[in-house]
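I have placed the structure first, in the form of structure tokens, so that the comments after it can refer back to it.
The values are calculated or read from the model by the stated rules, or taken from the named source; none is laboratory data. Given the structure is predicted, the values throughout are model-derived calculations rather than measurements. Backbone-built Cβ (ideal geometry, glycine too); neighbour counts: all protein chains shown.
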Amino acid sequence: MSVPVDPALDLVLARDLSIPPGDVWRAWTDPALLVEWFTPRPWRTTEAEIELHPGGMFRTVMAGPEGEVGGGTGCVLEVVPERRLVWTGALLPGFRPTVGEFGVPLFTAVIELEPLGSGTRYTATVKHADEEGRRIHDEMGFEAGWGAALDQLVELMSH
């Protein structure tokens, strides 16, 4: 099930979580839940839209503590309930090509969930077009940011 990884182009966050795949899936696919955890504090997600089918929209709007704005609109590529969600910022809904926003390199995110006892083996692979995009995303704090957001997901879904 796992996607091939090119260390020169891809960033990976893998963790074993104490919550079941269904809860992780709901946190990723229910916009009302996504806004609660998706952006590492003190930033917050103010809007989310997700159309769970290939060609559907994956859109977030984020707000920083000093009025900064971020986020973007992407395209869902693959949906395997409670196992795999793939989306990209390189395409708009309907598979329409786009250009990047907010200085973040375009990437494709592959979220994989594997049952692990009563928990989940979680793997997020973020694929970039070139080494420069990977480097920029890494220097923006990929591991810390995606890790903090994942901690927030687990906290939210553990209640």
Among the residues in region 112-125, are any surrounded by fewer than 19 Cβ atoms within 10 Å (Cβ to Cβ), closer than 22 Å to Val12 by Cβ, in contact (Cβ under 8 Å) with a residue 60 or more places away in the chain and of a type in the set (A, V, I, L, M)? yes
May I ask you to list the residues in region 63-72 that are buried (at least 17 other Cβ atoms within 10 Å of the Cβ) and either touching a Leu at 6+ places or on another chain (Cβ under 8 Å) or modelled with pLDDT of 95 or more (or both)? Ala63
Does Thr88 meet the test of being polar (S, T, N, Q), in contact with a Gly (Cβ under 6 Å, 6 or more places away or on another chain) and more than 19 Å from Val5 (Cβ to Cβ)? no
Members of region 19-36 found to be surrounded by fewer than 20 Cβ atoms within 10 Å (Cβ to Cβ) and touching a Ser or Thr at 6+ places or on another chain (Cβ under 7 Å), listed by number: Ile19, Pro20, Val35
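Kindly indicate whether Leu77 is surrounded by 18 or more Cβ atoms within 10 Å (Cβ to Cβ), in contact with a strand residue (DSSP E or B) (Cβ under 6 Å, 6 or more places away or on another chain) and either among the hydroxyl-bearing types (Ser, Thr, Tyr) or under 20 Å from Val154 (Cα atoms) (or both). Reasoning before the result, please.
Details: surrounded by 18 or more Cβ atoms within 10 Å (Cβ to Cβ): yes; in contact with a strand residue (DSSP E or B) (Cβ under 6 Å, 6 or more places away or on another chain): yes; either among the hydroxyl-bearing types (Ser, Thr, Tyr) or under 20 Å from Val154 (Cα atoms) (or both): no.
Here the answer is no, as Leu77 does not meet what is asked.
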Failed condition for Val79, given (1) modelled with pLDDT under 95; (2) in contact with a His (Cβ under 7 Å, 6 or more places away or on another chain): (1)
